[in-house]
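One structure is given below, encoded as C-alpha cells.
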Protein chains: 2
Amino acid sequence: MAVLEDELTLVFSALADPTRRAIVERLARGEATVGELAEPFAMTQQAISKHLKVLERARLVSRTRSGQSRPCVLETARLEEAAGWIDRHRQVWAGRHDRLEAHLAALRADDPDEGKAK
Amino acid sequence: MAVLEDELTLVFSALADPTRRAIVERLARGEATVGELAEPFAMTQQAISKHLKVLERARLVSRTRSGQSRPCVLETARLEEAAGWIDRHRQVWAGRHDRLEAHLAALRADDPDEGKAK
C-alpha cells in the first residue's frame, strides 16, 4: 500500500508540469525520439531529457530498445492507475448523495406532519 | 488555455502528496471540519490547515459558510477536469493502436505473397 501511495505521488508530481504534460500529449499520438520531442518546444534536448527522467521515474514513459535512437513510449497503464484513483473518489461522492437522498426520504417518512397541510 | 494549463498544474501538484490525497479520500465520504480531518492523521490542526490551503488554492476543496466550524467540502468538478485530461490521452493512444491495426491490414492486403505458401 505504501508503495502504491508513493507511485501515485510520483505520477501526480510528474503530471504537475505543463511541459511534461505536453510530452505526454505528444507521446499519446505515438512514440518519439528525444530530438523529435525537443523540436516543438524550443527547448534543448538536455532540458527535455531532464523532464523525461521525471516521467521515466514515474514510469509514465519508457524507452524502447530499437536501434540507437531509443524512442520514448507512453505507458498508459500508469495513466490508468492515476485516473482510477480520481474516479474512485468521484464515485464515492456520488454514492454519498444517494445516501443523503435515502436519509432525507427516511426523515420525511418519519415526519408525522408529512402529507398534511400546514 | 494558459489558465487551464496552470489550473491542471495546481490540481496535480495538490494530489502529489499522500496526506492531501487522504484528505480528499476523507472528504469524498462527506464534509468535515479541520478538527475532524486532523483526528485520524495524528497531525496538528495547523499542519492539516497548511495542506488544506494547497487543496483550496487548487480549488479541490472549498469551505462552507455554515456557522463557525466552516466545514471543508470536496469540489468534484476539479477532480473531473483532472480525470478528463488523463482520459483524453488514454483514448488517443487507443485510437493509435486502431490506426496501426488498419495500417497493418492494408499492408497485408497489398502483399502479393499474402495467402501463398512460402
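The values are calculated or read from the model by the stated rules, or taken from the named source; none is laboratory data. Only a predicted model underlies this, so the values are computations on that prediction, with no experimental measurement involved. Reconstructed Cβ throughout: ideal geometry from the backbone, glycine too, with neighbour counts over all protein chains shown. These accessible areas exclude ligands, DNA and RNA; they are computed on the full protein's heavy atoms, side chains included. Shrake-Rupley method; radii C 1.70, N 1.55, O 1.52, S 1.80 Å.
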* Say whether the condition of being charged (D, E, K, R), in contact with a Cys (Cβ under 9 Å, 6 or more places away or on another chain) and over 23 Å from B:Leu10 (Cα atoms) is met by at least one residue in segment A:37-59. => no
* Tell me, which residue of segment B:60-72 that is touching a strand residue (DSSP E or B) at 6+ places or on another chain (Cβ under 6 Å) and among the hydroxyl-bearing types (Ser, Thr, Tyr) is nearest to B:Leu15 (Cα to Cα)? -> B:Ser62
* Structure fact -> Scanning segment B:40-67 for residues that are part of a helix (DSSP H, G or I) and β-branched (Val, Ile, Thr) gives B:Ile48, B:Val54
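Does A:Ala16 qualify as being among the small types (Gly, Ala, Ser) and open to solvent by 10 Å² or more (accessible area, probe 1.4 Å)? If you could, list the steps in order and put the result at the bottom.
Values: among the small types (Gly, Ala, Ser): yes; open to solvent by 10 Å² or more (accessible area, probe 1.4 Å): yes.
Yes, satisfied.
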* Restricting attention to segment B:23-57, and to residues there that are facing chain A (nearest Cβ under 9 Å) and surrounded by fewer than 18 Cβ atoms within 10 Å (Cβ to Cβ), which single residue is nearest to A:Arg21 (Cα to Cα)? -> B:Glu25
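Could you please let me know if A:Arg70 is surrounded by 11 or more Cβ atoms within 10 Å (Cβ to Cβ) and either modelled with pLDDT of 90 or more or assigned to a helix (DSSP H, G or I) (or both)?
Numbers: surrounded by 11 or more Cβ atoms within 10 Å (Cβ to Cβ): yes; either modelled with pLDDT of 90 or more or assigned to a helix (DSSP H, G or I) (or both): no.
So A:Arg70 fails the test.
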* Which numbered condition A:Thr9 fails, given (1) within 30 Å of B:Leu27 (Cβ to Cβ); (2) touching a residue at least 40 places away in the same chain (Cβ under 8 Å); (3) outside any loop (DSSP other than H, G, I, E, B) -> (2)
